[in-house]
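Worksheet: the structure to be examined is printed underneath.
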Amino acid sequence: LAKTTQPISMDSYEGQEVNITCSHNNIATNDYITWYQQFPSQGPRFIIQGYKTKVTNEVASLFIPADRKSSTLSLPRVSLSDTAVYYCLVGGLTGGGNKLTFGTGTQLKVEL
Amino acid sequence: DVKVTQSSRYLVKRTGEKVFLECVQDMDHENMFWYRQDPGLGLRLIYFSYDVKMKEKGDIPEGYSVSREKKERFSLILESASTNQTSMYLCASTQNSGRGLGETQYFGPGTRLLVL
């Protein structure tokens, strides 16, 4: 099973860049890496997804090294509204059956 | 936008009761999922379904069952609720475009269940 490990919490200040790393040593060939954001009393919301190298969209970047054993979510210039829990998800169909593993999440706190 | 709705935001039940949690999605997605979320444990997959009347066990299926009679609706059933099933329950759906379980998941708002 592709277990994922993330820091439990991180603190930052408005305007700074935040990088959250997720380790997934047992990632399978068919697995994609997806990051979600969750606010209190809401379901998680998709941020970004990648398979390898670098992916960028309007809210974040995702860096995946060649061995794919980790990934880093980069949030440029965070604001107070980015305070949330961020989850790393590794999943895909494999020859051994279906696997889908969420990390335990990283609580990001952004202050003034 | 994809909309995933869950029948209740908050639910209080007694031990031994049969509990139904309903989830409906409006985007014709093939795959639907049920998770529970507990402090310090993140999201854990209970069951998922990739087609009508089809289901697969996730990581923690014990004490739960599911039903998918229509494509848009996926129900989670607690046959005899217990206090250790007090949790936040999240439903999600995805389309099926070849990425398997790597598809982007769209979540509902969650149901907070308290079993007394």
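Since every read-out is calculated from the coordinates, none of them should be taken as a lab result. All of these numbers come straight from a predicted model, not from anything done at the bench. Note that each Cβ is placed from the backbone with ideal geometry, even for glycine, and that neighbours are counted across all protein chains shown.
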- Item | Inter-chain Cβ neighbour average for residues A:38-46, partner chain, 10 Å | 5
- What fraction, in whole percent, of alpha-carbon pairs in chain B exceed 22 Å separation? 26 percent
- Calculate the mean, over all residues of peptide B:38-51, of how many other protein chain Cβ atoms lie within 10 angstrom of the residue's Cβ. 3
- Task: With +1 on each Lys and Arg Cβ and -1 on each Asp and Glu Cβ, and nothing else charged, work out how big the dipole of segment B:1-99 is about its Cα centre, in Debye to the nearest 20.
- Result: 180 debye
- Note on the structure: The alpha-carbon pair-distance distribution computed for the protein assembly as shown, with 5 angstrom bins and whole-percent values, is 1, 7, 15, 19, 19, 16, 12, 7, 3, 1, 0
- Message: Looking at chain B as a GNM with Cα springs under 10 Å, which of B:T104, B:T86, B:T94 has the largest mean-square fluctuation?
- Response: B:T104
- Message: Once you place label points 7 Å from the Cα toward the Cβ at B:M54 and B:T15, how far apart are they in nm?
- Response: 4.0 nm
- Message: Rounded to the nearest 5, what % of DSSP beta bridges with both residues in chain B are antiparallel?
- Response: 90 percent
- Task: Could you line up A:Y51, B:Y50, A:Y87 from fewest to most neighbouring Cβ atoms inside 10 Å?
- Result: A:Y51, B:Y50, A:Y87
- Step through the residues of segment A:29-34 one at a time and calculate ³J(HN,Hα) from phi using the Karplus curve (6.51 cos²θ - 1.76 cosθ + 1.60, θ = phi - 60°), rounding each to whole Hz and writing x for Gly and Pro. 4, 8, 6, 9, 10, 10
- Task: Determine the gain in length on full extension of the stretch B:E69-B:R112; use 0.36 nm per residue of separation and subtract their C-alpha separation, reporting nm with one decimal.
- Result: 13.1 nm
- Neighbour-count order for B:E56, B:E103, fewest beta carbons within 10 angstrom listed first: B:E56, B:E103
- Shielding by partners, peptide A:25-35 (average Cβ within 10 angstrom, other chains): 2
- Task: Work out the charge dipole of chain B with +1 on the Cβ of Lys and Arg and -1 on the Cβ of Asp and Glu about the Cα centre, then indicate which of B:V19, B:P61, B:F33 is farthest towards its positive end.
- Result: B:V19
- Task: Evaluate the distance, in nm, between pseudo-label points positioned 7 Å from the Cα of B:S8 and of A:N57 along their respective Cα→Cβ axes.
- Result: 3.3 nm
- Net charge near A:K109, counting Lys/Arg +1 and Asp/Glu -1 over other residues with Cβ under 14 Å of its Cβ? -4
- Query: Among the DSSP beta bridges whose two residues both lie in the protein assembly as shown, what percent are antiparallel, rounded to the nearest 5?
  - Reply: 90 percent
- Query: Counting other C-beta atoms within 10 Å, which of A:F39, B:F107 has the fewest, and how do the rest follow?
  - Reply: A:F39, B:F107
- Note on the structure: In debye to the nearest 20, the charge dipole size for the protein assembly as shown, taken about the Cα centre with +1 at each Lys and Arg Cβ and -1 at each Asp and Glu Cβ, equals 420 debye
